[in-house]
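What follows is a single structure, written as structure tokens, with notes after it.
The values are calculated or read from the model by the stated rules, or taken from the named source; none is laboratory data. As the structure is a computational prediction, the values presented were derived from the model and not from experiment. No Cβ is skipped: glycine too gets one built from the backbone with ideal geometry, and neighbour counts run over all protein chains shown. These accessible areas exclude ligands, DNA and RNA; they are computed on the full protein's heavy atoms, side chains included. Shrake-Rupley method; radii C 1.70, N 1.55, O 1.52, S 1.80 Å.
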Amino acid sequence: MWPPDPEPDPDREPAGRSQPHAALPGLRALLPARAFLCSLKGRLLLAETGLSFITFVCYVASSASAFLTAPLLEFLLALCFLFADAMQLNDKWQGLCWPMMDFLRCVTAALIYFAISITAVAKYPDGASKAAGVFGFFATIVFAIDFYLIFNDVAKFLKQGDSADETAADKAEEENSDSDSD
């Protein structure tokens, strides 16, 4: 199943038999690459997607069903970002600021999950609400780790850009300065 099986040689097949999974290579193009799923960002997005779905299911089964919209939206957004990162759409669509969108998604998800998890655990007595709250706390931690890593990457990128601008500005200032200004 995973990793994908190599394509069999057409010479090996008997003439009268058709291969039952002949349509799979087309569908496999929609699956994320194994290298992406093994990367830190891929693991975080998989964890965000899985925890959001589990939290959504727990809220559906609980008496705190008023909170089920937030995990559903976060599940769909995490799934969209998982697909976009796996298919490298962030490289293809340069007009969107992907790191900022991902950062804002993670920050809002962490804050919302934290708030609704506290409410679900404290206010509702049933077990499904408590389970949703616990999974919500785990999701809060995963989203917080993700936005921390995104913030560090963006800060590193901006520092590199600022240091290049500062050296160019210093050189221009030295060239324009008059050493005979006594």
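Provide the packing ranking of 98-106, 33-41, i.e. peptides ordered by the mean count of other C-beta atoms within 10 Å per residue, highest first. Don't jump to the answer; show the numbers that get you there.
Values: 98-106: 17.3, 33-41: 12.9.
Those peptides, ordered most packed to least, come out 98-106, 33-41.
Pull out the extension gain between I145 and L46, defined as 0.36 nm times the separation in residues minus the alpha carbon to alpha carbon distance; nm, one decimal.
Values: separation 99, 0.36 × 99 = 35.64 nm, distance 1.33 nm.
Extra length available between I145 and L46 comes to 34.3 nm.
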Exposure of T108 as accessible area (Å², to 10), given a probe of 1.4 Å and all protein chains: 60 Å²
Can you give the local net charge around A139? Use residues other than it whose beta-carbon is closer than 10 angstrom to its beta-carbon, Lys and Arg +1, Asp and Glu -1. -2
Accessible-area order for K130, K156, largest to smallest, probe 1.4 angstrom, reads K156, K130
Inter-probe distance in nm under a simple model that places probes 7 Å from Cα toward Cβ, at V134 and D153: 3.2 nm
Per-residue accessible area for L158 at 1.4 Å probe radius, Å² rounded to 10? 100 Å²
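Net charge within 11 Å of R105 by Cβ-Cβ distance, Lys/Arg positive one each and Asp/Glu negative one each, not counting R105 itself? Walk me through the numbers before you get to the answer.
Working: positive: none; negative: E48, E74, D102, D146.
Result for the neighbourhood of R105: -4.
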